[in-house]
Amino acid sequence: GLPRGERPSVADNEYRIQYSNKNQDLINLDETSTSLGDIQIAAARSVLKNNRTTMSLWGSVKLPTGDKSKLSGNGATDFSTWLALNQQFTNSWLMNINAGTVFLGSDNFQNIPLSDHVYYGHIMLGWLASEFFDLKVQLQGHTSYYRKTRLRAIGDTYFMTFGTSIKINQCNRLDIAVSEDIKVNASPDVSLLINWRSYSAGC
């Protein structure tokens with residue numbers, strides 16, 4: 001019963017990404033491709049830790065290992081820093097907040113002007129329903145990576161994610177979540193996340 005937009009007029013299992021400016025195609029991709037994406041290396045330092053609260057300062061560098069022509073990378077080395085806070089209210093309720101900035105290593109992508117930096121963050125509320133699974137709701141967003149754009153698809157965005165984390169055993173967890181765009185046309189209508197986490201220590 002949800003609106004389908006232009007989907008009924010587009011062939012199944014096909015996509016096209018096109019961006020034009022002043023009658024010039026800057027991006028025109030309509031073929032399936034597989035490529036290694038940009039690799040990110042991150043490090044953190046704890047700045048606060050007690051029974052209920054932990055806070056850490058993070059820094060990362062993203063290396064240009066992806067392919068610009070296949071849109072799996074931006075061809076530049078980017079730097080980012082963010083602050084992460086975990087707050088346990090009770091034995092069953094917790095909150096997680098992340099906020100940070102990305103410093104872009106290039107001023108354009110495919111001749112499309114980029115912002116100097118991007119602000120991003122999220123706030124998550126979690127309910128530890130049992131020893132084996134928890135439920136989470138998260139609001140997140142970021143400012144635009146592109147300078148002076150009026151296109152919602154590449155502008156500022158914010159969306160909501162609902163999910164669960166299931167304990168498989170002491171060393172493995174399965175995350176399943178679904179996201180919904182709050183700012184319509186600024187992110188995919190619905191996205192499905194499936195994530196497997198495996199730990200080698202502390203389990």
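The values are calculated or read from the model by the stated rules, or taken from the named source; none is laboratory data. Source: prediction; values computed, not measured. Here Cβ is always computed from backbone atoms with ideal geometry, including for glycine, and neighbour counts include all displayed protein chains. The accessibility values were calculated without ligands, DNA or RNA, using every heavy atom of the protein model including side chains. Shrake-Rupley method; radii C 1.70, N 1.55, O 1.52, S 1.80 Å.
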Checklist line | Length-normalised contact order of segment 1-88 in % [C-alpha pairs under 8 Å, at least 6 apart] | finding: 22
Check: Using mean Cβ contacts within 10 Å as the protection proxy, how do 164-170, 3-9 order, highest first?
Finding: 164-170, 3-9
Checklist line | Highest-fluctuation residue, ASN172, ASN23, ASN96 considered, GNM on the chain with Cα pairs under 10 Å | finding: ASN23
Margin query: When the expected Rg is taken as 2.2 N^0.38 Å, what fraction or multiple of it is the alpha-carbon Rg of segment 63-115?
Written below: 1.71
Margin query: Quick check for you: with a 1.4 Å probe and neighbouring chains kept, what is the accessible area per residue of the chain, in Å²?
Written below: 68
Checklist line | Structure-derived P(r) over Cα pairs in 5 Å bins from 0, in percent - corresponding label in [x] 1, 6, 10, 14, 19, 18, 13, 10, 6, 3, 1, 0; [y] 1, 7, 15, 20, 21, 18, 11, 5, 1, 0; [z] 1, 7, 16, 19, 18, 14, 10, 7, 4, 2, 1, 0 | finding: [x]
Margin query: Whole-Hz ³J(HN,Hα) for each residue in segment 87-94, computed from phi via Karplus 6.51 cos²θ - 1.76 cosθ + 1.60 with θ = phi - 60°, x for glycine and proline: what do you get?
Written below: 10, 9, 7, 9, 5, 10, 10, 9
Next item on the list: Return the single residue from LEU57, LEU83, LEU174 with maximal mean-square fluctuation; model: Gaussian network over the chain, springs between Cα atoms under 10 Å.
Entry: LEU174
Checklist line | Reduced Cα scattering model of segment 88-203, Debye log10 I(q)/I(0), q = 0.10, 0.20 Å⁻¹ | finding: -0.42, -1.11
Note to self: Counting only pairs 8 or more residues apart or on different chains, how many lysine pairs in the chain have their Cα atoms under 25 Å apart?
What the structure shows: 12
Checklist line | Residues whose placed amide H lies under 5 Å from that of LYS183, excluding near-sequence neighbours | finding: TYR158
Check: Net charge near ASN21, counting Lys/Arg +1 and Asp/Glu -1 over other residues with Cβ under 13 Å of its Cβ?
Finding: +3
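What is the sum of charges, Lys and Arg at +1 and Asp and Glu at -1, for the other residues whose Cβ falls under 13 Å from the Cβ of THR81? Please list the in-between numbers first.
Working: positive: ARG45, LYS62; negative: ASP78.
Taking every Cβ under 13 Å from that of THR81, the sum is +1.
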Check: Taking only C-alpha pairs under 8 Å that are 6+ residues apart, what is the relative contact order of the chain in percent?
Finding: 10
Note to self: I'd like the per residue volume of the convex hull spanned by the Cα atoms of segment 17-62, given in cubic angstrom.
What the structure shows: 177
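With Cβ to Cβ distances under 10 Å as the rule, what net charge do the other residues near SER191 carry (K, R +1; D, E -1)?
Neighbourhood net charge equals -3.
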Check: For segment 150-164, what does the Karplus curve 6.51 cos²θ - 1.76 cosθ + 1.60, with θ = phi - 60°, yield as ³J(HN,Hα) per residue in whole Hz, taken in order and with x for Gly and Pro?
Finding: 10, 7, 4, 5, 10, x, 4, 8, 8, 8, 10, 10, 10, x, 9
Item checked: Heavy atoms of ILE194 accessible to a 1.4 Å probe, total area in Å² rounded to 10 -> 120
Check: What is the magnitude of the charge dipole of segment 1-125 about its Cα centre, with +1 placed on the Cβ of each Lys and Arg, -1 on the Cβ of each Asp and Glu, and no other charges, expressed in debye to the nearest 20?
Finding: 620
Next item on the list: Once you've got the GNM for the chain with C-alpha springs shorter than 10 Å, pick whichever of ASP189, ASP25, ASP175 has the biggest mean-square fluctuation.
Entry: ASP25
Check: Say the dipole of segment 50-184 comes from +1 at the beta carbon of Lys and Arg and -1 at that of Asp and Glu; which of LEU135, ILE166, SER106 then lies farthest toward its positive end?
Finding: SER106
